[in-house]
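Have a look at the structure below, then the notes.
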Amino acid sequence: MDFIFDPFCVLTNGSTIFIQRPYRHGYDTEYLGWCINESDLLTVAHSAGLGLRREFVVGFNPVITNAPEQNSYRGYLFQRSPAAPAPRTPDENSSPKV
């Protein structure tokens, strides 16, 4: 089984990048975040041979100012289909040696 937990997900708009500014939580920094379109995520998982077993709605929805759609935290439990190829090793993902 494979599990993805806590991605920022949107249901109708495309995936977007946003800036997180956690100053009120004591962090003096900014960093990028990514709202993933749920349909895109599930399509990619399916093409990798993963079938959705369970979806978990966490219920925490941080507001993103000026976002085209507000997000929600979700979790997804996948099961690899028997005919699916095994995940690639880090060596297979690295760039070719020149």
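Please verify whether the stretch 4-19 includes one or more residues that are touching a residue at least 40 places away in the same chain (Cβ under 8 Å), touching a Gly at 6+ places or on another chain (Cβ under 9 Å) and loosely packed, with under 12 Cβ neighbours inside 10 Å. Scanning the stretch 4-19 turns up at least one residue that is touching a residue at least 40 places away in the same chain (Cβ under 8 Å), touching a Gly at 6+ places or on another chain (Cβ under 9 Å) and loosely packed, with under 12 Cβ neighbours inside 10 Å.
Would it be correct to say that ALA45 is of a type in the set (Gly, Ala, Ser), assigned to a loop (DSSP other than H, G, I, E, B) and either surrounded by 11 or more Cβ atoms within 10 Å (Cβ to Cβ) or modelled with pLDDT of 90 or more (or both)? It is false that ALA45 is of a type in the set (Gly, Ala, Ser), assigned to a loop (DSSP other than H, G, I, E, B) and either surrounded by 11 or more Cβ atoms within 10 Å (Cβ to Cβ) or modelled with pLDDT of 90 or more (or both). Within the stretch 26-41, one or more residues are of a type in the set (Gly, Ala, Ser) and within 19 Å of ARG53 (Cα to Cα). You will find that of GLU30, GLU38, the residue that is surrounded by 15 or more Cβ atoms within 10 Å (Cβ to Cβ), on the phi < 0 side of the Ramachandran plot and charged (D, E, K, R) is GLU38 and no other. Taking GLY59 as the residue in question, decide whether it is within 13 Å of the chain's Cα centre (by Cα) and in a loop (DSSP other than H, G, I, E, B). For GLY59, the condition - within 13 Å of the chain's Cα centre (by Cα) and in a loop (DSSP other than H, G, I, E, B) - is not met. Within the stretch 28-76, if we keep just the residues that are of a type in the set (Lys, Arg) and without any contact (Cβ under 8 Å) to a residue 60 or more places away in the chain, the residue that is nearest to ASP6 (Cα to Cα) turns out to be ARG54.
The set of residues from the stretch 1-37 being among the charged types (D, E, K, R) and part of a helix (DSSP H, G or I) comprises just one member, ARG24. Can you spot a residue in the stretch 24-36 that is within 25 Å of SER81 (Cβ to Cβ) and at pLDDT 90 or above? The answer is yes; a qualifying residue exists.
The values are calculated or read from the model by the stated rules, or taken from the named source; none is laboratory data. All values reported here derive from a predicted model rather than from experimental measurement. Glycine gets a Cβ as well: all are built from the backbone with ideal geometry, and neighbour counts include every protein chain shown.
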